[in-house]
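Okay, structure first, notes after.
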Amino acid sequence: MINEKNIPSSQEETARQQSFIQLAKALTEQKMKTLGRPLTYCLTTFGCQMNEKQSEAVAGIMDEIGYVRQENEEADVVIYNTCTVRENANLKVYGRLGHLHSLKDKNPDMKIILFGCMMQEAHVVEKIKKTYSFVNLVFGTHNIFKFAELFYEMLLSDMQLIDIWEGTDQIVEDLPTERNYTFKSGVNIMFGCNNFCSYCIVPYVRGRERSRKPEAIIKEIKNLVADGVSEVMLLGQNVNSYGKTLETPVTFAQLLTMLEDIEGLRRIRFMTSHPKDLSDELIEVMAKSKKICHHLHLPLQSGSSRILKEMNRRYDKEKYLNLVENIRTAIPDISLTTDIIVGFPGETEEDFQETLDVVRQAGYDTAFTFIYSKRTGTPAAAKEDQVPEDVVKDRFNRLLTLVQEQGRIRSSRFEGTVQEVLVEEESKEKGIFTGRTQYNLLVHFPADESLLGTYVKVKLEECKGFYYLGSLSE
Ligand code: 5AD
Ligand code: SF4
């Protein structure tokens, strides 16, 4: 592993990568001529919205080079953007690599590329070298901006190419990118995480926290708006500590205030908020704002103060509930969602009861529930009192029942109201479209394609738990 610090400035690096795009494009054009057909790629993303965003960057470069994207893995290039937050994310990738091997037997020219969080783990790279030598290119999370260069090198080489960096303080701006939607987009405001929650591998694979400058974020969003985007999702592992590491520090609330002024931008979302860093200033800005959606994802992880301490979360049950109360006082219609882990080492039935208690009191619209997954290298993995599997499963099921029950009650509060909805896509049923309220609630209603990407008023007629059936309203 290398720790690359001495790479050129962002602008120089962007220009360098542009030149590799041109080189790869020339090779690709030649090859397409020889084959007499287009070259294709298939890109699959595992994990979170940060990964989705980084996949868009890789897709943008593949498009520029001249490859045509397809869903089917019988393609000339297959790319996986990997996740390692829980063990099952890794197992999925290994499982699918077996299948890719058989496809490659049929088409030896096929190229396989793996990148992202899982590749930052030394034991994974060792396994790929040993067991999956048919993989052509492996890189991590810190050098994604080098994709064009790595791809070009891969085209020229018969060897397995591996380029993993231990860290970087560089943020390269202005590379081409594809967008999954024309009217909404994720926007990275920071990378990495400094929190070291004791169960979590993210700080090890994503590196130290780095914030983008407000000017770069504003420029990107203005360009997106000029291109038809009206909703942005600001992305970071802990957006509430945005700006602390900048030369001229800026708070997240200040950044939001600057974004509020962007004309043509209608909705601002963000995730994820760490409860320990959520300031009164942010609550105030959210309450006043006309653009920030009244939805907050506020991971609880556990309701037990003892377990929270073991998790290194730096808040306790009381502080969390106080925060929820303050938010609800300032923004009464807020929709709260959360993440909860069940079966952290040493979790007792009493600890688990505390979690159920917070779920009852906080009133989440949705909660994402996870079974604790042991991640090699994290402090929690070394703990001896791992909870037996059957106990964890039983707790998980009880939590899920409560979360669903609460979610249904919370979500149904909008029944009969008319809400503004951004029309996002046609559902599986023809003529039925799916839109999202500012509260992140989905609603299905009859409409037509001309409304895609626009804001319409929809009457929420019937709550189906986590979504509504509705109809267009004047
Ligand atoms: N096991 C289970 N869940 C985890 N998460 C992070 N690390 C682990 C782990 N080791 C969950 C947390 C986090 C979400 C993105 O994933 O709840 O908020
Ligand atoms: Fe992981 Fe904690 Fe950082 Fe979230 S805040 S990415 S849970 S270490």
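For region 190-207, a tally of residues being more than 14 Å from the chain's Cα centre (by Cα) and either within 15 Å of ligand 1 (Cβ to nearest atom) or among the aromatic types (Phe, Trp, Tyr) (or both) returns 10. Counting the residues of region 152-202 that are more than 16 Å from ligand 2 (Cβ to nearest atom) and in a strand (DSSP E or B) gives 9. Of all the criteria given as (1) modelled with pLDDT of 95 or more; (2) under 27 Å from Asn238 (Cα atoms), the one not satisfied by Arg37 is (2). Would you mind telling me which numbered condition in (1) in contact with a strand residue (DSSP E or B) (Cβ under 7 Å, 6 or more places away or on another chain); (2) at pLDDT below 95; (3) buried (at least 17 other Cβ atoms within 10 Å of the Cβ); (4) among the β-branched types (Val, Ile, Thr) Val135 fails? Of everything listed in (1) in contact with a strand residue (DSSP E or B) (Cβ under 7 Å, 6 or more places away or on another chain); (2) at pLDDT below 95; (3) buried (at least 17 other Cβ atoms within 10 Å of the Cβ); (4) among the β-branched types (Val, Ile, Thr), Val135 misses just condition (2).
Gly186: of a type outside the set (A, V, I, L, M, F, W, C), surrounded by 17 or more Cβ atoms within 10 Å (Cβ to Cβ) and within 16 Å of ligand 1 (Cβ to nearest atom), yes or no? When the stated conditions are applied, Gly186 passes them. Here Val205 meets the list (1) over 22 Å from His294 (Cβ atoms); (2) away from ligand 2 (no atom under 16 Å from the Cβ); (3) of a type in the set (A, V, I, L, M) almost entirely, failing just condition (2).
Take the conditions (1) in a helix (DSSP H, G or I); (2) surrounded by fewer than 15 Cβ atoms within 10 Å (Cβ to Cβ); (3) at pLDDT 95 or above; Glu71 misses just one of them, which is (1).
Among the residues of region 440-462, those that are more than 26 Å from Phe270 (Cβ to Cβ) and either in contact with a helix residue (DSSP H, G or I) (Cβ under 8 Å, 6 or more places away or on another chain) or in a loop (DSSP other than H, G, I, E, B) (or both) comprise Ala447, Asp448. Going through (1) surrounded by 18 or more Cβ atoms within 10 Å (Cβ to Cβ); (2) modelled with pLDDT of 95 or more; (3) away from ligand 1 (no atom under 15 Å from the Cβ); (4) more than 18 Å from the chain's Cα centre (by Cα) one by one, Glu215 falls short only on (1). Taken together, Glu389, Glu424, Glu429, Glu384 contain a single residue that is in contact with a Ser or Thr (Cβ under 9 Å, 6 or more places away or on another chain) and acidic (Asp, Glu), which is Glu424. For region 372-386, enumerate the residues that are over 22 Å from the mean Cα position of the chain (by Cα) and within 12 Å of ligand 2 (Cβ to nearest atom). Within region 372-386, Pro379, Ala380 qualify.
The single condition from (1) part of a strand (DSSP E or B); (2) within 16 Å of ligand 2 (Cβ to nearest atom) that Ile268 fails is (2).
When you scan region 16-50, how many residues do you find that are among the polar types (S, T, N, Q), crowded, with 19+ Cβ neighbours inside 10 Å and outside any strand (DSSP E or B)?
Of the residues in region 16-50, 2 are among the polar types (S, T, N, Q), crowded, with 19+ Cβ neighbours inside 10 Å and outside any strand (DSSP E or B).
Among the residues of region 249-261, is any of a type in the set (Phe, Trp, Tyr) and within 15 Å of ligand 1 (Cβ to nearest atom)? Looking through region 249-261, none of the residues is of a type in the set (Phe, Trp, Tyr) and within 15 Å of ligand 1 (Cβ to nearest atom). Taken over region 127-174, the criterion of being of a type in the set (Gly, Ala, Ser) and either out of contact with any helix residue (DSSP H, G or I) (no Cβ under 7 Å at 6 or more places or on another chain) or under 18 Å from Gln22 (Cα atoms) (or both) is satisfied by Ser133, Ala148, Ser157, Gly167. Entry remark, region 221-239: residues being polar (S, T, N, Q), in a helix (DSSP H, G or I) and either crowded, with 21+ Cβ neighbours inside 10 Å or modelled with pLDDT under 95 (or both) number 0 in total. Within region 414-427, the set of residues being assigned to a helix (DSSP H, G or I) and exposed (fewer than 15 other Cβ atoms within 10 Å of the Cβ) is empty. Just the residues that are surrounded by fewer than 19 Cβ atoms within 10 Å (Cβ to Cβ), among the charged types (D, E, K, R) and more than 8 Å from ligand 1 (Cβ to nearest atom), please, taken from region 367-396. Residues satisfying the conditions are Lys383, Glu384, Asp385, Glu389, Asp390, Lys393, Asp394. Restricted to region 141-168, and to residues there that are in contact with a strand residue (DSSP E or B) (Cβ under 6 Å, 6 or more places away or on another chain) and closer than 15 Å to Ser10 by Cα, the residue that is surrounded by the fewest Cβ atoms within 10 Å (Cβ to Cβ) is Asn143. Sub-9 Å Cβ pairs linking a first residue in region 194-211 that is under 13 Å from His142 (Cβ atoms) to a second residue that is more than 12 Å from ligand 1 (Cβ to nearest atom) and β-branched (Val, Ile, Thr), at least 6 apart or interchain, are Val205/Thr141; Arg206/Thr141; Gly207/Thr141; Gly207/Thr168; Arg208/Thr245; Arg210/Thr168; Arg210/Ile171; Arg210/Thr245, ordered by first then second residue.
The values are calculated or read from the model by the stated rules, or taken from the named source; none is laboratory data. Every value quoted in this text rests on a predicted model; they were computed, and no experiment measured them. FYI the Cβ positions are ideal-geometry reconstructions off the backbone, even for glycines, and counts take in every protein chain you see.
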